[in-house]
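A quick write-up on the structure given underneath.
The values are calculated or read from the model by the stated rules, or taken from the named source; none is laboratory data. Since the structure is predicted, the reported quantities are computational estimates derived from the model, not experimental observations. Using ideal geometry, Cβ is built from the backbone for each residue, glycine included, and neighbour counts are taken over all protein chains shown. Side chains included, ligands, DNA and RNA excluded: accessible areas come from the protein's heavy atoms. Shrake-Rupley method; radii C 1.70, N 1.55, O 1.52, S 1.80 Å.
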Amino acid sequence: MTVNTSLNSPDDVGNVRKKNVAIILDAAKKEFVTFGFKGASIKRIAERANIPRANIHYYFANKDELYKVLLTDIVTTWNKNFDSFTDCDDPKVALSSYIRSKVKYSMEDPEGSRIFASEIIHGADALESYLSTDFILWLEQKVKVINTWIKNGLMDDINPYHLLFLIWGATQHYADFNVQVVAALDVKQLSEEHFESIVQSITHIVLKGCGISSN
């Protein structure tokens, strides 16, 4: 596969850059989940992407920058389906949609979840800036929405932080501990039927725990 760095119109440049960065991030994800940050190498990432190493440095100064961009991309993908909800929305719809999207990403992109989990477990040095800025801003906005739902009598008076922690832990479990899950269910891999069962179970438990009818 060849990464195209030629420049044409501004739209072409943007599209080419987006495509090339996606190719590199996909290869980097496989490398980092296999070897971790310290063990990963730009050389192997280039080989996985089937591109010259120099093409990676065209977009990323070094391994550290590539890793941080990958982590940001993972988090952005996780959060985007909950970003559009406001305190005017129905909490049942909002929370159900968020749970479904989180389980979906755990099933479709388990590598991303494992990379993020590993970074957090090892101290989150690469996420230090994000955790003290964008993350806090995003979290406080969601907590404000949930508190408004509570104030308006749309759900029980629960701690919004622990609600979000519960959803994150429950949904990401199916990626981070997939080996344990399939062993417990005595299957080789999780199917679409498993996906629906997971979504329905977690959604029911969360909504019921929040005093929201699931009917």
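Looking for something under 26 Å from residue 69 (Cβ atoms) and open to solvent by less than 80 Å² (accessible area, probe 1.4 Å) - is there at least one such residue anywhere in region 150-166? Scanning region 150-166 turns up at least one residue that is under 26 Å from residue 69 (Cβ atoms) and open to solvent by less than 80 Å² (accessible area, probe 1.4 Å). Residue-level check: of (1) at pLDDT 95 or above; (2) open to solvent by 90 Å² or more (accessible area, probe 1.4 Å), residue 195 misses just (2).
Per-residue answers, yes or no, for (1) modelled with pLDDT under 90; (2) in a helix (DSSP H, G or I); (3) in contact with a strand residue (DSSP E or B) (Cβ under 8 Å, 6 or more places away or on another chain); (4) hydroxyl-bearing (Ser, Thr, Tyr):
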{"residue": "1", "(1), (2), (3), (4)": "yes, no, no, no"}
{"residue": "6", "(1), (2), (3), (4)": "yes, no, no, yes"}
{"residue": "14", "(1), (2), (3), (4)": "yes, yes, no, no"}
{"residue": "25", "(1), (2), (3), (4)": "no, yes, no, no"}
{"residue": "31", "(1), (2), (3), (4)": "no, yes, no, no"}
{"residue": "48", "(1), (2), (3), (4)": "no, yes, no, no"}
{"residue": "70", "(1), (2), (3), (4)": "no, yes, no, no"}
{"residue": "73", "(1), (2), (3), (4)": "yes, yes, no, no"}
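Among the residues making up region 39-54, a single one is over 19 Å from residue 68 (Cβ atoms) and open to solvent by less than 40 Å² (accessible area, probe 1.4 Å): 51.
If you check 185, 139, 154, 166, which single one turns out to be hydrophobic (A, V, I, L, M, F, W, C) and modelled with pLDDT under 95? Write out each step before concluding.
Working: 185 fails: modelled with pLDDT under 95; 154 fails: modelled with pLDDT under 95; 166 fails: modelled with pLDDT under 95.
Only one candidate qualifies: 139.
In the set 190, 207, 137, only one residue is of a type outside the set (Gly, Ala, Ser), under 24 Å from residue 87 (Cβ atoms) and surrounded by 15 or more Cβ atoms within 10 Å (Cβ to Cβ); that residue is 207. Residue pairs whose Cβ atoms lie under 9 Å apart, sitting 6 or more positions apart in sequence or on different chains, and linking a residue in region 85-104 that is over 20 Å from residue 140 (Cα atoms) to a partner that is in a helix (DSSP H, G or I) and of a type in the set (D, E, K, R), are 101/80. Being open to solvent by 50 Å² or more (accessible area, probe 1.4 Å), free of Cβ contacts under 8 Å to residues at least 12 places away in the same chain and not in a helix (DSSP H, G or I) is a condition met by at least one residue of region 60-68. Note on region 70-101: among residues that are among the hydrophobic types (A, V, I, L, M, F, W, C) and over 13 Å from the mean Cα position of the chain (by Cα), the one that is most open to solvent (accessible area, probe 1.4 Å) is 88.
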